């Protein structure tokens, strides 16, 4: 009973707080699940680490998208909270094994390309500093590798600046904080796109693509439309996805970048999943790869998460992230904090001269 009450509190909090402002549908469903003993018992059939609302609700959404929970799918399409709540409970109780099976083999995905608004000017700055005419992108913790298309999207900033492709089907926006403009130079030719992840997602695979859709909330049409555009763009030139531990796979990733191109490694809110020892080993790998050519690392991580990147004296868990740029030479390392950002790239402050 104690476990059930704790789980009920988690689902009630998720609905009343986490989903309340962005998804009335999930607010209603999550609260309803928190009030159903049958639903909570079904959720407890999942492994403990897979019982969180983001996982269970995505698993339910996946079954709806697959046509296996038609009543839930109809309620989601109609954005009928009461019907969705009833259908979610019914699906959980009747199809407990199916929900648990999806939840057990999948993890939540947040392929938000707002981070491209941060990555684009930082990658272009890395190329400028090295004098590179071509770059090979290596995205660590890439999920579906959507950020590897950073040069193929259009980005508009609140100060009127724009970067990327204005005719791209994927158009993003970001607000500039402060009075310093971002550099407007373009990313040079991208000659390699490599993603590294423990469990990469292939957008050309129907089940993988469906899972990405399932991780979105059904009553967020703008995000759904953007994801469809992002996946379609990625499918026209799928990146190379390497599965495995980042430290072990990095040498293979560097080998996929042509010798005359600058390897640019990107991490966006990925390193916090790893202990400090692994982050330091990752840094060592970057230094090893720079014995024959320069290597750049662009990071957007929480304050103090990215080794060697200065923090401006900011406090950890302060609500914003540091944009870092490190350039590795044969025997040198130049690491600099070039900006701050909030809300995964929705707000950006550029802090260095270029």
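No value in this document is a laboratory result; all are computed from the given coordinates. Because the structure is a prediction, the values reported are computed rather than measured. When we count neighbours, we look across all protein chains shown, and the Cβ atoms used for this are built from the backbone with ideal geometry, even at glycine.
Annotations
- Of [x] 20.5, 71; [y] 21.4, 63; [z] 19.2, 61, the label for Rg and Dmax of the Cα atoms in Å derived from the coordinates: [y]
- Were the residues from residue 6 through residue 237 laid out at 0.36 nm apart, the gain over their Cα-Cα distance would be 78.6 nm.
- 0 to 90° range, to nearest 10: angle between helix 116-130 axis and the chain longest Cα axis: 20 degrees
- Antiparallel bridges, percent of DSSP beta bridges restricted to the chain (to nearest 5): 45 percent
- The calculated P(r) of the range 2-105, using every Cα pair and 5 Å bins from 0, goes 2, 15, 27, 28, 20, 7, 1, 0 in percent.
- Per-q log10 I(q)/I(0), the range 101-201, q = 0.11, 0.21 Å⁻¹ (Debye; single scatterer per alpha-carbon; no solvent): -0.38, -1.11
- Rounded to the nearest 10 degrees, the angle from helix 276-289 to the longest Cα principal axis of the chain is 40 degrees.
- Length released on extending from residue 83 to residue 223, taking residue separation times 0.36 nm less the Cα-Cα span: 48.1 nm
- The angle separating the long axis of helix 221-236 from the principal Cα axis of greatest extent in the chain is about 50 degrees.
- Volume in Å³ per residue [convex hull over Cα atoms, computed for the range 182-251]: 155 Å³
- Shown here is the pair-distance distribution of the range 105-160: with all Cα-Cα distances grouped in 10 Å bins from zero up to the longest one, the shares run 19, 48, 26, 6, 1 percent.
- Percentage relative contact order, the range 118-233, counting C-alpha pairs under 8 Å, at least six apart: 31 percent
- Overall form of the range 77-136 per C-alpha gyration tensor (a/c, 1.5; a/b vs b/c): prolate
- Fully extending the segment from residue 198 to residue 105 would add 32.2 nm, taking 0.36 nm per residue of separation and subtracting the current Cα-Cα distance.
- Separation of the residue 191 and residue 90 label points, Cα + 7 Å toward Cβ, nm: 5.9 nm
- Between the range 187-215 and the range 230-246, the C-alpha centres lie 3 angstrom from each other.
- With helices as the sole contributors, the chain gives -12000 deg cm²/dmol at 222 nm; each DSSP H run of n ≥ 4 counts as -39500 (n - 2.57), and the sum is divided by every residue.
- Cα centroid separation - the range 70-117 against the range 276-354, whole Å: 36 Å
- For the chain: relative contact order, % (alpha-carbon pairs under 8 angstrom, 6 or more apart): 16 percent
- Computed on the range 2-105, with alpha-carbon pairs under 8 angstrom and 6+ residues apart, the relative contact order is 31 percent.
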